[in-house]
1. Regarding the stretch A:53-60, can at least one residue be identified that is under 13 Å from the mean Cα position of the chain (by Cα), more than 24 Å from A:A2 (Cα to Cα), outside any strand (DSSP E or B) and more than 10 Å from chain B (Cβ to nearest Cβ)?
2. Look through the stretch B:10-20, keep the residues that are out of contact with any Leu (no Cβ under 6 Å at 6 or more places or on another chain) and assigned to a strand (DSSP E or B), and return whichever of them is nearest to the other protein chains (Cβ to nearest Cβ).
3. Based on what the data block shows, is A:F69 over 25 Å from B:E3 (Cβ atoms), more than 8 Å from every other protein chain (Cβ to nearest Cβ) and among the hydrophobic types (A, V, I, L, M, F, W, C)?
4. Quick check: anything in the stretch A:24-36 at positive phi and basic (K, R)?
5. In this structure, is A:L81 under 21 Å from B:F34 (Cβ atoms), surrounded by fewer than 22 Cβ atoms within 10 Å (Cβ to Cβ) and over 14 Å from the mean Cα position of the chain (by Cα)?
6. Residue check: is A:G40 at pLDDT below 95, part of a loop (DSSP other than H, G, I, E, B), small (G, A, S) and more than 11 Å from the chain's Cα centre (by Cα)?
7. Show me the strands (runs of 3 or more DSSP E) found entirely inside the stretch B:32-111 where at least 3 residues are crowded, with 22+ Cβ neighbours inside 10 Å.
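The values are calculated or read from the model by the stated rules, or taken from the named source; none is laboratory data. Given the structure is predicted, the values throughout are model-derived calculations rather than measurements. Glycine gets a Cβ as well: all are built from the backbone with ideal geometry, and neighbour counts include every protein chain shown.
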Amino acid sequence: DAGVTQSPTHLIKTRGQHVTLRCSPISGHKSVSWYQQVLGQGPQFIFQYYEKEERGRGNFPDRFSARQFPNYSSELNVNALLLGDSALYLCASSLGASGASDTQYFGPGTRLTVL
Amino acid sequence: RKEVEQDPGPFNVPEGATVAFNCTYSNSASQSFFWYRQDCRKEPKLLMSVYSSGNEDGRFTAQLNRASQYISLLIRDSKLSDSATYLCVVTQYSNASKIIFGSGTRLSIQP
């Protein structure tokens, strides 16, 4: 069975540009969460979507947005990129969005470099 | 104060030793707890969920202490392959989901 997939694997952008990252969850999973991980830190929660609706949001500026599609795949969009947005962006899927069904399974991540 | 705190380590222990680390959390309404391991430049992988009654999976034992608001991970008979960063995760579901990772504890098993 395919795990969580993310694209692209690597991306280089310049300040001020916009980026779209994509994630496909494990088949049967209805929830997708996005995280930002900088070197030496744990993943920081950005968003969780369940059944195409936003269920949670971390402390990120409005430049960050996301959506979930009817097939449960998801996009993370970041506008007006800053140097500090350089990080590994991780997507995780789970069966549900709470309780026993909320175990997160991670994709390999997209490494974003902003120059 | 961070919502989830871990000792960053590194913990350098000899092969075969027992090692334990804790993770404290600040919100008493937290509902689900997990340990993940992350190898260098890889994604986090679930190690085990943590239950109030405690749970064991082979050489790994996890405990939750709700009164003192911490979770623990014990690794017995450590192997070289246990070298990794161990992340604790706390989730909250009041009116919105919140999933909080600790910064991780680095473990290095020495031959």
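1. Taking the stretch A:53-60 as the starting set, the residues that turn out to be under 13 Å from the mean Cα position of the chain (by Cα) are A:54, A:56-58, A:60.
If we keep only those that are more than 24 Å from A:A2 (Cα to Cα) too, we end up with A:54, A:56-58, A:60.
Still in the list and also outside any strand (DSSP E or B): A:58, A:60.
Then keep just the ones that are more than 10 Å from chain B (Cβ to nearest Cβ); that gives A:60.
Within the stretch A:53-60 (the criterion being under 13 Å from the mean Cα position of the chain (by Cα), more than 24 Å from A:A2 (Cα to Cα), outside any strand (DSSP E or B) and more than 10 Å from chain B (Cβ to nearest Cβ)), the answer is yes, since at least one residue qualifies.
2. B:N12
3. Numbers: over 25 Å from B:E3 (Cβ atoms): yes; more than 8 Å from every other protein chain (Cβ to nearest Cβ): yes; among the hydrophobic types (A, V, I, L, M, F, W, C): yes.
Judged against the criteria, A:F69 is a match.
4. no
5. Answer is no for this residue.
6. yes
7. Numbers: elements: B:32-38, B:45-49, B:55-57, B:60-65, B:70-75, B:84-93, B:97-101, B:105-110.
Hits in the stretch B:32-111: B:32-38, B:70-75, B:84-93, B:97-101.
Here is a yes/no grid of residues against (1) within 11 Å of A:T110 (Cβ to Cβ); (2) in contact with a strand residue (DSSP E or B) (Cβ under 9 Å, 6 or more places away or on another chain); (3) surrounded by 12 or more Cβ atoms within 10 Å (Cβ to Cβ):
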| site | (1), (2), (3) |
| --- | --- |
| A:V4 | no, yes, yes |
| A:V19 | yes, yes, yes |
| A:K30 | no, yes, yes |
| A:Q36 | yes, yes, yes |
| A:G42 | no, yes, yes |
| A:F45 | no, yes, yes |
| A:P61 | no, no, no |
| A:S65 | no, yes, yes |
